[in-house]
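Report on the structure given below.
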Amino acid sequence: MMGETHTKVQARHLKRNAYLYVRQSTLRQVLENTESTQRQYALRERAMALGWRLDQVVIIDSDLGQSGASAVDREGFQRLVSEVGLGRAGIVMGLEVSRLARNSTDWHRLLEICALADTLILDEDGVYDPAHFNDRLLLGMKGTLSEAELHILRARLRGGILNKARRGELEIRLPIGFDYDPAGRVRLDPDVRVQESVRQFFRTFRRTGSATATVKAFHAEGLTFPHRIYRGVQAGELVWTELEHSRALWLLHHPRYTGAFCFGRTRTRKLPNGSHQHQRLPSEEWIALIRDAHVGYITWDEYEQNLQILRDNTQAPASGREQGPAREGPALLQGLVICAKCGDRMTVRYHQQGSRRVPAYMCQRHGITHAEPVCQHVLGGELDAAIGRLLVEAVTPVTLEVAMAVQQELDSRSAETDRLRHQAVERARYESDLARRRYMRCDPDNRLVADSLEAEWNLALRAQTAAQDLYDKQSQALTGISDAQRASILALARDFPRLWNDPHTADRERKRMARLLIADVTLLKDKGITAQVRFNGGATHTLHLPLPKPAWLLRQTPAAVVAEIDRLLEEHTDGEIAELLNHRGLLSGEGKPFHRLIVRNIRIAYSLSSRHERLRSRGFLTLAELAQRLNVSTATLKYWRRAGLLKAHRYDERNDYLFEPPDADTPIKHRHQGKTTGRPSTVAASLSTNTL
Ligand SMILES: [Zn+2]
């Protein structure tokens, strides 16, 4: 074998470096399979035996603990490929080298590049030259087999699991309240306390009809809920913790509590960035659902009823409740507020006040989870206005600093993007180089291959030109933008107060401006409201605001107006007072013009005696009383009043009058006989002329 090796390793290979790629799929393998790691490092000795110097051996081991299923995220493998592509590698070494990449595409790409760059490949079985057809075939098969092995392994494993699941025999982790008996059958947890807790939970939900109320009831009674630990040093232990809202929902949604066996309730998809997405499936898409497979806590019907109750309790569909980006509402600090009491982000809620939407900042996440009152609740109106004033004040002096900081940021960012764009050009150039070399190496007699390689080269050249053009254009645009931006930043600083106060500026724009300037606002509601504003530049500013007045206080009538009403009542009816006050431009506590009923309500609210009471206390008589006193009919009295013969005062808007009493010491009869003088005599005179 050594002889064969020597024929492949040439001086041109030895001039370049030897790359040792060390990899273990999982961290567990890294820890437990040290023997394999040792073997991987031992390849270094092989390289030196073949003629490489120790300082030429480059070890790439940054992928330890990464799975080989895809090259994404595997920085080490990417580096290896690029080093080979750049012609720096004389040989690539790895244990079972085909497992370098468990994905066939990655592997074939590496092989192809190795062939082009004239790089050898070494594994425990020997040295291969990918440029040689036979070696390449062998390596390709090794890669394919390795991938197939992985696939078969996985399929067999998965198939076994699925078959067992379909029969309902698969042992999977059971929710709290169940466990496996020694024979592997599902039974209720032998711990009676656990059983009773689960029963209590479902009973409470049936009684209260809501998950939140159930959590609240558990808290009120000081009950905890069991929870089994599955990982770590405490694995298998039972802990008792507070029941949380999310856990309550989980219990209610879990079909196993009905005694059903189920499998495949969620589907997991791998996203391009390597993370996983779990999607909950409707029950008809589950892989297995076998009802009454074992004992349970509730019936299937009850389970479905519970889910229906939960659906009915949800006011908005779940998708509508997801948090979106900056929204249209007027809450200036949406997404910027942090609760000073617990450190959570505060959310926005709107209250309708007449035609206005008034924002309020709430810290409620913890409250919802634990079914407790919200942590803090701060009305937004005054606060937003104060923040607005602060911004208008702050922008002018810090303008230049902000502008400079922003400029710097933009500059550094554009340098970064420039680097990235330049890399794109480099890549295109490399591709076209590759295509050119491929074309050059091809046998010109082989027309078909030569044609397609030429076409490839042409394409690569065109792509390179396009990339270069794009790069030139963008780097030109970049400097153009930065000039324009500098100007607009300065303009913004100058125009900021005007823009901010312009009623035509949309709430969303104002919010955007606020976000450009403010990093966050920490709110504390105590005897007053303290708002700690942290600007993006790092500066902070503390605002103190009084607590917003409660609604009833806001609507309160000013004391001066009440006093005025009291004074006017001496001479005027409610309706007249309303007119007089409106005439003077006064407004009610709610900011509306006065009206008879408003005056009446204020009068009652402040226990002011009415016009009627005041006249009565001055001895004024009712129509009936006067009629009796004067011994004439009420109709006559009304006639006299209209004729101006009687002194009377209106006390309401229905033209009801109270009459000034005739002199008490003058008997009516005397006046009838014309004996008295003054006012009574006029009455007497009128009596004599009008009675009959
Ligand atoms: Zn809080």
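The values are calculated or read from the model by the stated rules, or taken from the named source; none is laboratory data. Predicted model only: the values in this text are computed from it and were never measured. Positions of Cβ are generated from backbone atoms using ideal geometry, with glycine treated the same way; all protein chains shown enter the neighbour counts.
Would segment 676-683 turn up any residue that is surrounded by 12 or more Cβ atoms within 10 Å (Cβ to Cβ), small (Gly, Ala, Ser) and modelled with pLDDT of 85 or more?
Among the residues of segment 676-683, not one is surrounded by 12 or more Cβ atoms within 10 Å (Cβ to Cβ), small (Gly, Ala, Ser) and modelled with pLDDT of 85 or more, which makes the answer no.
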Exercise for review: Hey, can you tell me all the residues within segment 201-221 that are surrounded by fewer than 18 Cβ atoms within 10 Å (Cβ to Cβ) and either at pLDDT 90 or above or acidic (Asp, Glu) (or both)?
Suggested key: Arg203, Glu221
Point to revise | Residues satisfying the stated conditions in segment 233-245, i.e. under 31 Å from the mean Cα position of the chain (by Cα), free of Cβ contacts under 8 Å to residues at least 40 places away in the same chain and more than 18 Å from Pro190 (Cβ to Cβ) | key: Thr241
Check your understanding: Val392 is checked against (1) surrounded by fewer than 17 Cβ atoms within 10 Å (Cβ to Cβ); (2) away from the ligand (no atom under 16 Å from the Cβ); (3) assigned to a strand (DSSP E or B) and fails just one. What number does that condition carry?
Key -> (3)
Point to revise | Scope segment 334-388; condition of a type in the set (Ser, Thr, Tyr) and either within 10 Å of the ligand (Cβ to nearest atom) or within 17 Å of Lys525 (Cα to Cα) (or both); matching residues | key: Thr347, Tyr361
Check your understanding: Can you name the condition, by its number, that Gly159 falls short on among (1) assigned to a helix (DSSP H, G or I); (2) modelled with pLDDT of 85 or more?
Key -> (2)
Practice item. Examine segment 404-413 for a residue that is at pLDDT 85 or above, of a type in the set (Gly, Ala, Ser) and either within 16 Å of the ligand (Cβ to nearest atom) or surrounded by 14 or more Cβ atoms within 10 Å (Cβ to Cβ) (or both), and state whether such a residue exists. Key: no
Check your understanding: For segment 116-139, how many residues meet the condition of being over 53 Å from the mean Cα position of the chain (by Cα) and hydrophobic (A, V, I, L, M, F, W, C)?
Key -> 5
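Looking at Leu658, Leu615, Leu637, can you tell me which residue is in contact with a helix residue (DSSP H, G or I) (Cβ under 6 Å, 6 or more places away or on another chain), under 30 Å from Ala560 (Cβ atoms) and either at pLDDT 85 or above or not in a loop (DSSP other than H, G, I, E, B) (or both)? Show your work before the answer.
Values: Leu615 fails: in contact with a helix residue (DSSP H, G or I) (Cβ under 6 Å, 6 or more places away or on another chain); Leu637 fails: under 30 Å from Ala560 (Cβ atoms).
None of the other options fit; the residue is Leu658.
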Exercise for review: Report the residue count in segment 133-166 for those that are more than 30 Å from Ala260 (Cβ to Cβ) and in contact (Cβ under 8 Å) with a residue 24 or more places away in the chain.
Suggested key: 10
Study note, to complete from the structure: Being of a type in the set (A, V, I, L, M, F, W, C) and at pLDDT below 85 narrows Leu116, Leu122, Leu86, Leu43 down to just Leu43
Practice item. Return the residue satisfying two criteria in turn: it lies in segment 610-653 and is under 28 Å from Arg555 (Cβ atoms) and charged (D, E, K, R), and of such residues it is surrounded by the most Cβ atoms within 10 Å (Cβ to Cβ). Key: Arg611
Exercise for review: Determine whether segment 292-303 contains at least one residue that is surrounded by 19 or more Cβ atoms within 10 Å (Cβ to Cβ) and in a helix (DSSP H, G or I).
Suggested key: yes
Check your understanding: Going by the structure shown, is Asp312 of a type in the set (D, E, K, R) and either more than 11 Å from the ligand (Cβ to nearest atom) or modelled with pLDDT of 85 or more (or both)?
Key -> yes
**Study point:** Subset of segment 175-232 (residues that are closer than 16 Å to Glu244 by Cβ, among the basic types (Lys, Arg) and assigned to a helix (DSSP H, G or I))
**Key:** Lys216
Practice item. Report yes if Leu223 is under 19 Å from Glu372 (Cβ atoms) and of a type in the set (A, V, I, L, M), otherwise no. Key: yes
Revision key, fill the gap. Taking segment 578-609 and the residues there that are more than 16 Å from Ala563 (Cα to Cα) and among the basic types (Lys, Arg), the one that is surrounded by the fewest Cβ atoms within 10 Å (Cβ to Cβ) would be Lys592
Review point. Considering only residues of segment 162-174 that are surrounded by 11 or more Cβ atoms within 10 Å (Cβ to Cβ) and not in a helix (DSSP H, G or I), which is nearest to the chain's Cα centre (by Cα)?
Key: Leu174
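Conditions tested, residue by residue: (1) in a strand (DSSP E or B); (2) under 14 Å from Ala394 (Cα atoms); (3) at pLDDT 80 or above.
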| site | (1), (2), (3) |
| --- | --- |
| Asp483 | no, no, no |
| Arg510 | no, no, yes |
| Ala514 | no, yes, yes |
| Thr522 | yes, no, yes |
Check your understanding: What tally of residues in segment 524-538 results from selecting those that are surrounded by 13 or more Cβ atoms within 10 Å (Cβ to Cβ) and modelled with pLDDT under 85?
Key -> 3
Revision key, fill the gap. If we ask which residues in segment 354-374 are under 18 Å from the mean Cα position of the chain (by Cα) and not small (Gly, Ala, Ser), their number turns out to be 10
